[in-house]
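The values are calculated or read from the model by the stated rules, or taken from the named source; none is laboratory data. Remember, predicted model here, so these are calculated numbers, not experimental data. Cβ placement follows ideal geometry from the backbone for every residue including glycine, while neighbour counts extend to all protein chains displayed. To get the accessible areas, we keep the full protein, side chains included, count just its heavy atoms, and leave off ligands, DNA and RNA. Shrake-Rupley method; radii C 1.70, N 1.55, O 1.52, S 1.80 Å.
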Amino acid sequence: MGGGELPGLLVNEIGGIHGILHGHVAFLKKHFYLITMKEFLENKKHMSEKVQAIYLWWHKPVVDQELLQSLPNLKVIANSGVGMDHLDLKLIASFGVKMANAPRAVSSSTADTGMALLLASARRLVEGYHLAISSDTDYCEADFLGVEVTGATLGIIGMGRIGYKIALRAKAFEMNILYHNRTHRKEQEEQAVGATFCETIENLLQQSDFVMVVVSLTPQTHKLIGKREMELMKPTATLINISRGAVIDEEALVTALQTGVIRAAALDVTYPEPLPRDHALLKLKNVIITPHLCIKTDKTTYMITKEAVENILAALNGLPMPSEVLPN
């Protein structure tokens, strides 16, 4: 792949399921000497000295103690997304390695996906599609009804960069917006989208027609939405998850959907991903599941790689990293 004076960048592979995209290779090669995990493992003694940075795509390569110990010149790890729950941040920091994510690149496409799921669930688009193409369909039943989005109340759990962009989109649909967050947004930010702060999740759940979960996965948010929380929701409400699958108790969700505790769910994330093919969620008509599509647009994936490069180059040159993540 060529050497020269460029710093070595370790990636899982090029192409494939967990590899960087072929279309990003030329851009990366302008700044780095690319080393795949296969090349690294085949010539560890030579390659270990060259690697100064790692670029994780879809959580790969796996960063563990063994890998960190084998890379004496590693300075920085850049992640292709916001969530860092797949990394042991304290372990990485103990090796003097900096870390960065890509919040700027992913926020708009993730917010778009959240609204797409909300609209698709409200208007039963997936069910409608199957009805429209079925060889058994003669007509659409008069009572094949969805629910109204205009004027409905959206509760956003997690009002960070992505949550706020969802609020901006929801405002355009004339929705009433509630949010729960660790901190209050500034008054002018709330007024710009017409959002009202809820001191407790319980308050938000009881009032919302649609509940969208947009939090990072931490020990505190693991199964944040469980049986008790779903029972607080309206029976006509829809639960939307674009954060991490483990934020929702999926067993409790199955029961809630089967028994009418809530109307529907729309999930871009599950735990695990993908779900086992015999999982009960895959058999329900009142759930939409997509395969973690939030960041999957041509523009967003390229922006993620650009943001990663900015962070890596900053770290290697001793400059402040735009999206540095510190261990808790």
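Observations
- Relative compactness, the stretch 259-328, computed as alpha-carbon Rg over 2.2 N^0.38 Å: 1.71
- Label separation (residue 201 vs residue 298): 4.0 nm, computed from points 7 Å beyond Cα along the C-beta direction.
- Subtracting the Cα-Cα distance of residue 59 and residue 45 from their residue separation scaled by 0.36 nm leaves 2.6 nm.
- In straight-distance terms, cross-link reach from residue 223 covers every one of the aspartates and glutamates whose alpha-carbon lies under 17 Å from its own, apart from those fewer than eight places away in the same chain; here that gives 85, 202, 231, 249, 250, 251, 268, 273.
- Per-q log10 I(q)/I(0), the stretch 172-328, q = 0.14 Å⁻¹ (Debye; single scatterer per alpha-carbon; no solvent): -0.86
- Extension reserve of the residue 191-residue 94 stretch, reckoned as 0.36 nm per residue once the Cα distance is removed: 30.7 nm
- In percent, rounded to a whole number, the relative contact order of the stretch 8-71 is 44, using alpha-carbon pairs under 8 Å and six or more apart.
- Helix-only CD estimate at 222 nm, as mean residue ellipticity for the chain, using -39500 (n - 2.57) per DSSP H run (n ≥ 4): -10000 deg cm²/dmol
- Residue 139/residue 282 FRET efficiency (R0 25 Å; Cβ-Cβ; nearest 0.05): 0.35
- Summarising the label geometry, the points placed 7 Å from Cα in the beta-carbon direction at residue 236 and residue 86 lie 4.0 nm from one another.
- Under 19 Å of direct C-alpha separation, and excluding same-chain neighbours fewer than eight residues apart, residue 186 reaches these lysines: 165, 171.
- For the set 90/306; 60/283; 50/75, the pairs lying more than 19 angstrom apart at their alpha carbons are 90/306; 60/283.
- The mean accessible area for residues of the chain, using a 1.4 Å probe and ignoring ligands and nucleic acids, is 50 Å² per residue.
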